Amino acid sequence: MKKFVLTILKTVWAIIGIIGVYLLCGFLIPYIEVPAKSVTQPKYIDIYILTNGVHTDLVVPVKSAEMDWSTEIPFENTRSKRTFKYLSIGWGDKGFYLDTPTWAELKPSTAVKAAFWMSESAMHCTFYESMTAGEDCKKITLTQQQYLDLIGFIRDKFDRDSTGKPILIKTDAVYDNNDAFYDARGRYSFLNTCNTWTNNGLKAAGQKAALWTPSDRGIFQHYQ
């Protein structure tokens, strides 16, 4: 019995230790900045990084010479079916997106599946008429090539049907009249979160980013 109790205690302390290391790394590593790449081309395409306090999105113009996002993410897939000027795109755990509209509704099973690579992922796409820079929304101006690199990064995360189109998740679990969910590639985990994806998108576009971050703070502290 004593040996069993000791094994249990060691397991508990090991779990606590792992959580402690994760929290410490999640706090310290984001301070290591990956600097923006130097460019000589003109910057003229505005994008944004947006946070709701927990989850971050990349915001792009719906239509530009480089990409018309409405051909892949149709306005008609939202409840409003209206046209808009900006598209916010985020990647994350499918269970969190569809089953947890508020933190009060979070189920332990959803959290465990999300943390340990046990569920599918999804893209959350929301249309906006305008964007206003502020504490929760930072504007970044890109060159044409940087924006093309970002487009490639974002498009690569969508799961696609036999015709190459993103796969709409038909659900009533949308957050507003102007958003929709799509199937995505990859597995969410405590090491690869929605904010990790956004941070990697900034790296792909040659912008300032954290070396690694699981949180929105790790990104936004480099854009104060």
Taking Cα pairs closer than 8 Å and at least 6 residues apart, the relative contact order of the stretch 32-223 in percent is 31 percent
Here the stretch 89-98 yields Karplus 3J(HN,Hα) values (6.51, -1.76, 1.60; θ = phi - 60°; whole Hz; Gly and Pro given as x) of 10, x, 10, x, 6, 5, x, 4, 4, 8
Expected unfolding gain across Leu24-Lys37 under the 0.36 nm per residue rule, minus the alpha-carbon gap, is 1.9 nm
Burial-style ranking of 121-134, 163-176, 62-75, average other-beta-carbon count within 10 Å with highest first, yields 121-134, 62-75, 163-176
Per the rule of 0.36 nm per residue minus the C-alpha distance, extending Ala133 to Ser70 adds in nm 20.4 nm
Residue separation between Asp176 and Arg155 times 0.36 nm, minus their alpha-carbon distance, gives in nm 5.3 nm
Reduced to Cα centres, the span from the stretch 122-192 to the stretch 74-100 in Å works out to 8 Å
Cα-based Rg and Dmax for the stretch 171-224, in Å, come out at 13.5, 37
With Rh as the Kirkwood radius over Cα pairs, the stretch 32-223 has Rg/Rh of 0.94
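We did not get these values from a lab; they are worked out from the coordinates using the rules stated. In this text the structure is predicted, and so the values were computed from the model without any measurement. Counting neighbours? That spans all protein chains shown, and the Cβs are built from the backbone with ideal geometry, glycine included.
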